[in-house]
1. Scanning for something within 19 Å of residue 118 (Cβ to Cβ), at pLDDT below 95 and assigned by TED's automatic domain parsing to the domain that holds residue 128, does region 224-239 turn up at least one residue?
2. Quick one: count up the residues across region 63-112 that are closer than 24 Å to residue 270 by Cβ and buried (at least 17 other Cβ atoms within 10 Å of the Cβ).
3. Condition test on residue 85, is it within 15 Å of the ligand (Cβ to nearest atom), touching a strand residue (DSSP E or B) at 6+ places or on another chain (Cβ under 6 Å), assigned by TED's automatic domain parsing to the domain that holds residue 250 and part of a loop (DSSP other than H, G, I, E, B)?
4. Regarding region 173-184, can at least one residue be identified that is buried (at least 23 other Cβ atoms within 10 Å of the Cβ), within 16 Å of the ligand (Cβ to nearest atom) and at pLDDT 95 or above?
5. Need the failing condition index for residue 191 against (1) closer than 23 Å to residue 109 by Cα; (2) surrounded by fewer than 22 Cβ atoms within 10 Å (Cβ to Cβ); (3) within 16 Å of the ligand (Cβ to nearest atom), just the number.
6. Which count do you get for residues in region 197-223 that are within 14 Å of the ligand (Cβ to nearest atom) and under 16 Å from residue 175 (Cβ atoms)?
7. Cβ-Cβ below 6 Å, separation at least six or inter-chain, first residue in region 77-89 and under 22 Å from residue 245 (Cβ atoms), second surrounded by fewer than 23 Cβ atoms within 10 Å (Cβ to Cβ) and modelled with pLDDT under 95: which pairs?
Ligand code: ATR
């Protein structure tokens with residue numbers, strides 16, 4: 001079956017081992033899946049050692065997704081668009097392939113689990129870092145009408161919009177103008193403010209009547225944004241727990257050729273995370 005791991009820093013609290021073990025159980029598979037803590041300067045050597053030592057696949061989380069993309073020999077289109085990778089797979093000839101399942105996982109969580117049809121939605125993307133790059137193209141692929149990208153540092157938002165290259169649909173506005181942007185149907189928090197323990201202090205005005213507010217993180221990191229969304233009377237308030245399970249399912253299928261049932265695994269985690 002091969003060896004599998006998730007690389008991060010820190011990584012001790014990662015849910016990936018639990019998720020992959022639960023998926024494996026659905027098929028009666030024994031999977032060796034461990035966490036590997038690697039500081040940024042040690043990441044590439046640790047990945048190469050892992051694959052040289054019989055590793056078959058690795059998930060990659062913060063802060064290594066860009067480095068994972070850079071060290072790969074082959075890169076999927078999703079990874080190329082995001083400029084980062086959350087999945088590394090050893091190819092039969094020993095080369096390493098990079099893939100990114102974040103955007104597809106998020107959209108599947110919204111459309112399949114939460115039954116939201118994103119077509120025609122005007123979407124607001126908060127943030128323009130790695131996480132925002134991971135989901136921007138998938139939101140457009142899912143049929144959002146417009147994607148407005150707003151970032152504290154405007155240059156990063158412009159760079160993301162330029163990379164998308166679809167000015168009729170994807171454009172930027174200034175963070176200082178958040179009060180004046182009108183309302184949105186989908187608001188995605190892709191900033192790392194919550195992870196850093198900072199509050200975004202967002203105005204209520206841009207939460208439209210049918211708005212979904214989605215945080216890419218979960219647990220404590222998502223609490224500030226989700227609390228704001230509830231106070232703003234958003235129709236749906238969703239954290240990134242479902243996305244995490246969906247992205248893991250894509251990696252599992254890539255490695256094992258079997259599609260796991262994400263719902264029972266999601267429900268178990270939801271009971272743990274409230
Ligand atoms: P990640 O991989 O989690 O996306 P990142 O690439 O470092 O991490 O990106 C962090 C994002 O969160 C950026 O868009 C950052 O804005 P800047 O480009 O201005 O740095 C945003 N961010 C972090 N803390 C923030 C805060 N307190 N308020 C607003 N945006 C914040």
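The values are calculated or read from the model by the stated rules, or taken from the named source; none is laboratory data. Please read all numbers here as calculations on a predicted model, not as lab measurements. Here the Cβ is made from the backbone with ideal geometry for all residues, glycine too, and neighbour counts use every protein chain on show.
1. The answer is no, given that none of the residues of region 224-239 is within 19 Å of residue 118 (Cβ to Cβ), at pLDDT below 95 and assigned by TED's automatic domain parsing to the domain that holds residue 128.
2. Result for region 63-112: 12.
3. yes
4. no
5. (2)
6. 6
7. From residues that are under 22 Å from residue 245 (Cβ atoms), the pairs are 84/130.
Conditions (1) over 14 Å from residue 190 (Cβ atoms); (2) in contact with a helix residue (DSSP H, G or I) (Cβ under 8 Å, 6 or more places away or on another chain); (3) part of a helix (DSSP H, G or I), marked per residue:
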site	(1), (2), (3)
49	yes, no, yes
63	yes, yes, no
69	yes, yes, yes
89	yes, yes, no
106	no, yes, yes
115	yes, no, no
125	no, yes, no
135	no, yes, yes
